[in-house]
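The values are calculated or read from the model by the stated rules, or taken from the named source; none is laboratory data. As the structure is a prediction and not an experimental result, all values here were calculated from the model. Methodologically, a virtual Cβ is constructed for each residue, glycine included, from the backbone with ideal geometry; neighbour enumeration extends over all protein chains shown.
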Amino acid sequence: MNTTSWAKWPIVAALVLALLWLVFGVYAAGQPLWAVAGLTFGGLALYVYASARTLAWRYLFPGVAGMLVFVAFPLLYTMQIGFTNYSASNLLGVERARAYLLDQAIADEDQALTFTLHAEGAALRLVLTPPDGGAGFISPPLPLGPAVAKGASLIRMQAVPADKRVQAAPLSLREVLNHREALMELKLDLPDGRRLSYAGVREFGTIEPLWLANPDGSLTQQATGSTYRPNQETGFFENPQGERIQPGFKVGVGWANYSRMLFDADVRGPFVSIFVWTVVFAGLTVLFSTALGMTLAVVLNWEALRFRTLYRTLLFLPYAVPGFISILVFKGLFNQNFGEINAILNAVFGIRPAWFADPTLAKAMLLIVNTWLGYPYIMVLCTGLIKAIPADLYEASAIAGAKPLTNFFKITVPLIARPLTPLLISAFAFNFNNFVLISLLTDGRPDYLNTKLPAGTTDILVSYTYRIAFTDAGTNFGLAAAISTLIFFMVALMSMANLKLAKINEEKRA
Amino acid sequence: MAIVTGKSQRWRIVATHAGLCLLVAVTLFPLLAVISISLRPGNFSTGSLIPSEISLEHWKLALGFSYSAADGTLVTPPFPVLLWLWNSIKIASVSALLIVAISTTAAYAFARMKFAHKNTILNSMLLLQMFPVAVALVAIFAIFEGLGSYIPWLGIETHAGLIIAYLGGVAMHIWTIKGYFETIPTEIEECAKVDGATHWQAFQYVLLPMSVPILMVVFVLAFIGTIIEYPVASVLLREEPNLTLAVGLQVLPV
């Protein structure tokens, strides 16, 4: 028992109260999900640090909590979005979509009253005049400015005879325009029960809502009288003829996004070719960087060669430069008209290839750049692995009169292949999702010309997903999330194979 | 290794040197080209690799100074590059420190303590880390928008929010530190405990000072990892004065 233990329980009790107060505040603000999440995490944290039985978890909690909140939760949330029609046209919940529609209104031109603003000290008085010039209405002094624009205010107007107007001259149109934002928030209640809002730079008018709410949750269009019911299948308000109104709302659509990916010809066409290119891109990148990196590692391990450390340092440099910088540099170097690479090609061969406009050349460029970025890593890995090979094997092969190529294929490769495989699989998984390279170098372009959703010939799955989710032509979060889920399962499979291989290696060594 | 070498050895060495020199030239060409272009006057990327005329005008703009052009007009820096660099360094240092703190304690638990499902938790953390962050951007954006409505200094457009977002990526670092801890004999800490040290004291005064090298390595890895991170930063930061260098540089016209 140390001296602080007497203070422990009061402090815990105080923290529990503080947590409950916070959670209740969030719940009262109408966010039950956030409240539950806060309660779970706060409660767990308190339990872990207050209980005597959770010693190990005191060390683990921050790391595990970080993973859960910023890796696992986004993952689950993404999976859940994959089963909905969440997109730019179906952004809101059904309640908020209904509220949005009920807010829509149209101004009635015939009932408009012209208004003028008159300064009275720091405040302004608003005066309404009917078209016939008869008795008007006047507001109390208003502190019009950015402050009043926040709390949209109901203003009670008083009737005032035509001859008893305010003394000050009306503000000029330009000054009125300065107050436009504040004026747009005002709602004026006239003594006869009419309610007016801003209807133009000179007028306030009555406004008619476009929609009427019915008790069963449907909406009636005022102009036509037809009734639109919320359709929980499609996520839109629909009338009996099946006409939809925008905006729709977010509903669960089951496996629709996945079946679209596999069976809808518009989506499947680019999806299949992008998938193939993703695998080809990741596979060839790993193949090229391994071939180059391994060769270099072997050559730089040759004792007869001088300046090996210098070569190794210089060849390692691409790895030391941040990717976002070197990719930008390559973007400049490959430029068709001003790039250094085309300048050299033009001088030597007299050609100027269009690296960014031709799909095949763009793919070649991506592979060149990615090999440049990737081989130092493999080189360093292989150098370490080759150092571990016993030298007597090479002595024996020298006695047998073997040539360097025989040494490489019969001794070096078989001995480093096994420990290298898990690392190559993770390199494959990394390049499978190499979003930064694609989005910074080509951004997926050149695009396919005949697709509904934007899709590029150099897009890999991740950048394609990003496009579907975030570019203006698509913003289909649901479909993007479904593809993301698919990517996750592929990557998870690769990683599990990886862990298995690593385990087999360890057992072999033991 | 003393091995009798054949006559062809010398030619092979010369050929290898030639090949390596060519490769080094190809590797370094893009890097040298950048330096060369940055020193050339005007906005021309073509020209000889060694500039005939050296001008520091681009460097002045990048470092936030104005310079007067040949025709007498004053050119002011178009982008706050130094501010972006400072943002990047600030965010990367703070998050790397926090990542080291979090992953060291977690690695200690994984390396030294016994608790249920230890391997399952570690393996699932490694698997989760494989999930590409670029595809979870919608969810991450939604989380920080929600968070920001209650705690404004953790929301979108805040550096604190971005730092918090980076704290999820600790699995690989935990794995690295755990491997190092396992090479240190447990007996040393047990001695400390026999002498009356608590769990935390054995960790703080015995194990930590012995693992400074790996903590430095993890700090550097985490620092580099955050300073070059692009997708999350590009979604959470959008205002020009807030950007990190990785996001800001992509705004520059190339």
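Computed quantities for the displayed model
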quantity	calculated
Complete set of residues in the stretch B:175-219 that are of a type in the set (Phe, Trp, Tyr) and surrounded by fewer than 15 Cβ atoms within 10 Å (Cβ to Cβ)	B:Trp200, B:Tyr205
Conditions (1) at pLDDT 85 or above; (2) within 34 Å of the chain's Cα centre (by Cα); (3) not basic (Lys, Arg); number of the one not met by A:Val348	(2)
Residue match in the stretch B:112-124 (condition: of a type in the set (S, T, N, Q), more than 9 Å from chain A (Cβ to nearest Cβ) and in a loop (DSSP other than H, G, I, E, B))	no
Residues located in the stretch A:217-235, provided they are assigned to a strand (DSSP E or B) and in contact with a Pro (Cβ under 8 Å, 6 or more places away or on another chain)	A:Thr227
Helices (runs of 4 or more DSSP H) contained in the stretch A:262-377 and holding at least 2 residues under 23 Å from B:Ser38 (Cβ atoms)	A:308-320, A:323-333, A:340-348
Residue satisfying condition, being within 12 Å of chain B (Cβ to nearest Cβ), charged (D, E, K, R) and assigned to a helix (DSSP H, G or I), within set A:Arg58, A:Arg53, A:Arg98	A:Arg58
Filter result for B:Ala246 (at pLDDT 90 or above, touching a Phe, Trp or Tyr at 6+ places or on another chain (Cβ under 9 Å) and in a helix (DSSP H, G or I))	no
Matching residues in the stretch B:159-174 - criterion: being of a type in the set (A, V, I, L, M) and either surrounded by fewer than 20 Cβ atoms within 10 Å (Cβ to Cβ) or more than 7 Å from chain A (Cβ to nearest Cβ) (or both)	B:Ala160, B:Leu162, B:Ile163, B:Ile164, B:Met172
Checklist (1) free of Cβ contacts under 8 Å to residues at least 24 places away in the same chain; (2) crowded, with 20+ Cβ neighbours inside 10 Å applied to A:Thr412, failing item	(1)
Of residues in the stretch B:223-254 being within 22 Å of B:Pro132 (Cβ to Cβ), surrounded by fewer than 22 Cβ atoms within 10 Å (Cβ to Cβ) and more than 10 Å from chain A (Cβ to nearest Cβ), the one farthest from the chain's Cα centre (by Cα)	B:Arg238
Lone qualifier among A:Trp21, A:Trp6, A:Trp34 - being modelled with pLDDT under 85, among the hydrophobic types (A, V, I, L, M, F, W, C), more than 27 Å from A:Thr485 (Cα to Cα) and not in a loop (DSSP other than H, G, I, E, B)	A:Trp6
Residue count, the stretch A:424-448 (criterion: in a helix (DSSP H, G or I), away from every other protein chain (no Cβ under 11 Å) and farther than 17 Å from B:Phe131 by Cα)	1
Considering residues of the stretch A:63-74 that are surrounded by fewer than 19 Cβ atoms within 10 Å (Cβ to Cβ) and in contact with a helix residue (DSSP H, G or I) (Cβ under 8 Å, 6 or more places away or on another chain) only, the residue farthest from the other protein chains (Cβ to nearest Cβ)	A:Ala65
Residues satisfying the stated conditions in the stretch B:179-213, i.e. β-branched (Val, Ile, Thr), more than 33 Å from the chain's Cα centre (by Cα) and part of a loop (DSSP other than H, G, I, E, B)	B:Thr198
Failed item, numbered, when A:Gln158 is tested on (1) at pLDDT 75 or above; (2) over 30 Å from A:Arg467 (Cβ atoms); (3) polar (S, T, N, Q); (4) buried (at least 16 other Cβ atoms within 10 Å of the Cβ)	(4)
Given (1) closer than 28 Å to B:Gln250 by Cα; (2) of a type outside the set (Lys, Arg); (3) assigned to a helix (DSSP H, G or I), number of the condition A:Pro419 does not satisfy	(1)
Residue satisfying all of: in the stretch A:373-390; at pLDDT 85 or above and among the small types (Gly, Ala, Ser); nearest to A:Ile416 (Cα to Cα) among these	A:Gly384
Selected residue [within 9 Å of chain B (Cβ to nearest Cβ), surrounded by fewer than 20 Cβ atoms within 10 Å (Cβ to Cβ) and either at pLDDT 80 or above or within 26 Å of B:Asn123 (Cβ to Cβ) (or both)] from A:Tyr77, A:Tyr47, A:Tyr86	A:Tyr77
Some residue of the stretch A:450-462 being within 10 Å of another protein chain (Cβ to nearest Cβ), closer than 17 Å to A:Thr285 by Cα and part of a helix (DSSP H, G or I)	yes
Qualifying positions in the stretch B:214-243 - assigned to a loop (DSSP other than H, G, I, E, B), closer than 24 Å to A:Leu333 by Cα and of a type outside the set (Phe, Trp, Tyr)	B:Ile228, B:Glu229
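Per-residue answers, yes or no, for (1) under 21 Å from the mean Cα position of the chain (by Cα); (2) at pLDDT below 85:
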site: B:Asn123; (1), (2): no, yes
site: B:Ala134; (1), (2): yes, yes
site: B:Ser149; (1), (2): no, yes
site: B:Tyr166; (1), (2): yes, no
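Let's see how each residue does on (1) small (Gly, Ala, Ser); (2) surrounded by 18 or more Cβ atoms within 10 Å (Cβ to Cβ):
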| residue | (1), (2) |
| --- | --- |
| A:Trp302 | no, no |
| A:Thr309 | no, no |
| A:Ala320 | yes, no |
| A:Leu328 | no, yes |
| A:Asn337 | no, no |
